[in-house]
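**Student:** Can you keep this structure in mind? I'll have questions shortly.
The values are calculated or read from the model by the stated rules, or taken from the named source; none is laboratory data. This is a predicted model, so every value here is computed, not measured. When we count neighbours, we look across all protein chains shown, and the Cβ atoms used for this are built from the backbone with ideal geometry, even at glycine.
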Amino acid sequence: MPSIKNKISYYYDSEVGTSYYAPNHPMKPHRLSMTHSLVLAYRLHENLDVFRPRKATTSELAQFHAEDYVDFLSKITPNTQHEYLTQMQRFNLGEDCPIFDGLFDFCKIYSGGSIEGAVRINHGTSDIAINWSGGLHHAKKSEASGFCYINDIVLATLELLKYHARVLYIDIDIHHGDGVEEAFYLTDRVMTVSFHKFGDLFFPGTGDLGDIGMNNGKYYSVNVPLHDGMDDQNFIDIFKSTMQKVMEVFQPGAIILQCGADSLAADRLGCFNLTLQGHASCVAFMKSFNIPLLVLGGGGYIKSNVARCWANETATLLGRTLDENIPEHEFYYEYYSDASYQLKVQQKNPIENLNSCSYLQDIKTCILNNLSQLEVAPSVQMHELPPEAFIPELDDSALNEDELSRNIIKNMAVNEMESRDRE
């Protein structure tokens, strides 16, 4: 059977890579510049439709988020935050979610990429859309959480629902996708599936096996709570078993896949043993269903490993296998000395796998039994479509190779700024 060639769009704006949360903060948007540079080094962009995303409008952000919260984000700056102490507490801004220069533009850019990717999928101009700057799954309607301010995933899902009766959301970040699950907990039009570490007060503390949705959404929230030390073999097994059944019973028209890289081995905030290959196997499996697919980033707190992961998964979506030797390239090549300039995760001390075979089998049995309660995919009476988001013309927004190179050069200032934080 001949392979299907997908139309793949890829969103990147150099401005996101120069954003800086705070000294010693684990979230480093600089990883996005490194990812993009590695995509260029492997020449993956030659087979992608590359776009600079427009900034989402405040009205688009308010499609999910409370207007007063969006208005607050639009006004506050590091110089004025002392004037908003009450609002900061109300909206959960502070140590984990600090106020930094360009915060609102940062939110509008990463959200714009996810919304535009959904629009292109709706119009059939892309089969797969990639926005590594997106995937900020913890943000709530009126609250920042877990380094996330605006929930671009919810916004992209709402866009997809304009054209698709059912949308599937999958989360392989080590943290539970709580913000997305909460947004769609009562509906059968969105199924959320999260594979994550659970227990031991691990953030955010949600995502137990028994959290399955309510009312019309009962059984449409699927949680796979895992323990420390999860390895490739067991992760891939439970991922494929779960997702095969989900695809059979839910039959989505579009899929969003959040690829948080903190589930990789050796992550600063993670506790799994996944390799790049194990992580990418989830991407390859979901691609194999040939359903329109929006692929997003998420967590990941070793910059070199995040870049390796997302560049490798860009290649996976293109059907390519990358050379294990990372190509020499300008600006960021030296960051990969941590694993001898190889496309692999360097893990000195693997974490003991606390996921017993019996525990995993019990989880799998419970999840499959719950999914079996859904005999057929829900039918949806479609109504008049809401106004469509703006979709850019390729000639106006596509970046050529020279522009891509210039964008990388613009990011060089961040090297000096972050030199004290290098891995």
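**Student:** For residues that are among the β-branched types (Val, Ile, Thr) and in contact (Cβ under 8 Å) with a residue 60 or more places away in the chain, scanning just region 312-349, find the one that is nearest to Leu32 (Cα to Cα).
**Tutor:** My answer is Thr314.
**Student:** Of these, Gly217, Gly179, which one is over 29 Å from Leu318 (Cα atoms) and out of contact with any Cys (no Cβ under 8 Å at 6 or more places or on another chain)?
**Tutor:** Gly217
**Student:** Of the residues that sit in region 349-363 and are part of a loop (DSSP other than H, G, I, E, B) and among the aliphatic types (A, V, I, L, M), which one is surrounded by the fewest Cβ atoms within 10 Å (Cβ to Cβ)?
**Tutor:** Leu354
**Student:** Of all the residues that make up region 329-348, how many are under 27 Å from the mean Cα position of the chain (by Cα), in a loop (DSSP other than H, G, I, E, B) and either of a type outside the set (Asp, Glu) or loosely packed, with under 12 Cβ neighbours inside 10 Å (or both)?
**Tutor:** Final tally of qualifying residues: 10.
**Student:** Which of the helices (runs of 4 or more DSSP H) contained wholly in region 87-195 include at least 2 residues that are over 20 Å from Asp211 (Cα atoms)?
**Tutor:** Where helices (runs of 4 or more DSSP H) fall fully within region 87-195 and carry at least 2 residues being over 20 Å from Asp211 (Cα atoms), they are 103-123, 152-160.
**Student:** Look at region 276-307 and say how many of its residues are among the aliphatic types (A, V, I, L, M), within 15 Å of the chain's Cα centre (by Cα) and over 18 Å from Gln233 (Cα atoms).
**Tutor:** The qualifying residues number 6.
Okay, residues lined up against (1) under 22 Å from Ser14 (Cβ atoms); (2) basic (Lys, Arg):
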position: Phe91; (1), (2): no, no
position: Cys97; (1), (2): no, no
position: Arg120; (1), (2): yes, yes
position: Leu136; (1), (2): yes, no
position: Ile150; (1), (2): yes, no
position: Leu168; (1), (2): no, no
position: Asp171; (1), (2): no, no
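**Student:** So, in region 236-275, how many residues would count as being outside any loop (DSSP other than H, G, I, E, B), over 18 Å from the mean Cα position of the chain (by Cα) and of a type outside the set (D, E, K, R)?
**Tutor:** 9
**Student:** Run down Gly124, Gly177, Gly199, Gly207 and say which single residue is surrounded by fewer than 19 Cβ atoms within 10 Å (Cβ to Cβ), in contact with a His (Cβ under 8 Å, 6 or more places away or on another chain) and not hydroxyl-bearing (Ser, Thr, Tyr).
**Tutor:** The match here is Gly199.
**Student:** Next question, about the same structure. Check Leu61 against each of (1) of a type in the set (A, V, I, L, M, F, W, C); (2) more than 28 Å from Lys7 (Cα to Cα); (3) touching a Cys at 6+ places or on another chain (Cβ under 8 Å) and name the one condition it does not meet.
**Tutor:** (2)
**Student:** Also, I was wondering about something else. Please find, among Val16, Val39, the residue that is over 24 Å from Asp96 (Cα atoms) and either touching a Lys or Arg at 6+ places or on another chain (Cβ under 6 Å) or buried (at least 16 other Cβ atoms within 10 Å of the Cβ) (or both).
**Tutor:** Going through Val16, Val39 in turn, just one is over 24 Å from Asp96 (Cα atoms) and either touching a Lys or Arg at 6+ places or on another chain (Cβ under 6 Å) or buried (at least 16 other Cβ atoms within 10 Å of the Cβ) (or both): Val39.
**Student:** Identify the single condition in (1) within 19 Å of the chain's Cα centre (by Cα); (2) in a loop (DSSP other than H, G, I, E, B); (3) surrounded by 21 or more Cβ atoms within 10 Å (Cβ to Cβ) that Val50 does not satisfy, given that it satisfies every other one.
**Tutor:** It is condition (2) that Val50 fails.
**Student:** Given (1) in contact with a helix residue (DSSP H, G or I) (Cβ under 6 Å, 6 or more places away or on another chain); (2) part of a helix (DSSP H, G or I), identify the lone condition not met by Ala56.
**Tutor:** So Ala56 meets the others, but not (2).
**Student:** Give region 271-300 a look and list any residue that's aromatic (Phe, Trp, Tyr) and crowded, with 22+ Cβ neighbours inside 10 Å, or say none.
**Tutor:** Phe272
**Student:** Can you tell me which residue within region 59-69, out of those that are part of a helix (DSSP H, G or I) and without any contact (Cβ under 8 Å) to a residue 24 or more places away in the chain, is nearest to the chain's Cα centre (by Cα)?
**Tutor:** If we take residues in region 59-69 being part of a helix (DSSP H, G or I) and without any contact (Cβ under 8 Å) to a residue 24 or more places away in the chain, then Ser59 is nearest to the chain's Cα centre (by Cα).
**Student:** With the requirement that a residue be of a type in the set (Ser, Thr, Tyr) and under 17 Å from Glu143 (Cβ atoms), what does region 44-70 give you?
**Tutor:** Tyr69
**Student:** Of the residues that sit in region 129-151 and are buried (at least 24 other Cβ atoms within 10 Å of the Cβ) and of a type in the set (A, V, I, L, M, F, W, C), which one is farthest from Cys259 (Cα to Cα)?
**Tutor:** The selected residue is Ala144.
**Student:** May I pose another question? Please count how many residues of region 71-83 are outside any loop (DSSP other than H, G, I, E, B), within 15 Å of Glu143 (Cβ to Cβ) and either touching a Phe, Trp or Tyr at 6+ places or on another chain (Cβ under 9 Å) or modelled with pLDDT under 95 (or both).
**Tutor:** Of the residues in that region, 2 qualify.
**Student:** Within region 196-222, can you find the residues that are under 17 Å from the mean Cα position of the chain (by Cα) and outside any loop (DSSP other than H, G, I, E, B)?
**Tutor:** Selection gives His196, Lys197.
**Student:** Starting from residues that are assigned to a loop (DSSP other than H, G, I, E, B) and touching a strand residue (DSSP E or B) at 6+ places or on another chain (Cβ under 6 Å), keep the ones in region 291-326 and report whichever is nearest to Asp127 (Cα to Cα).
**Tutor:** Once the filter is applied, the top-ranked residue is Pro292.
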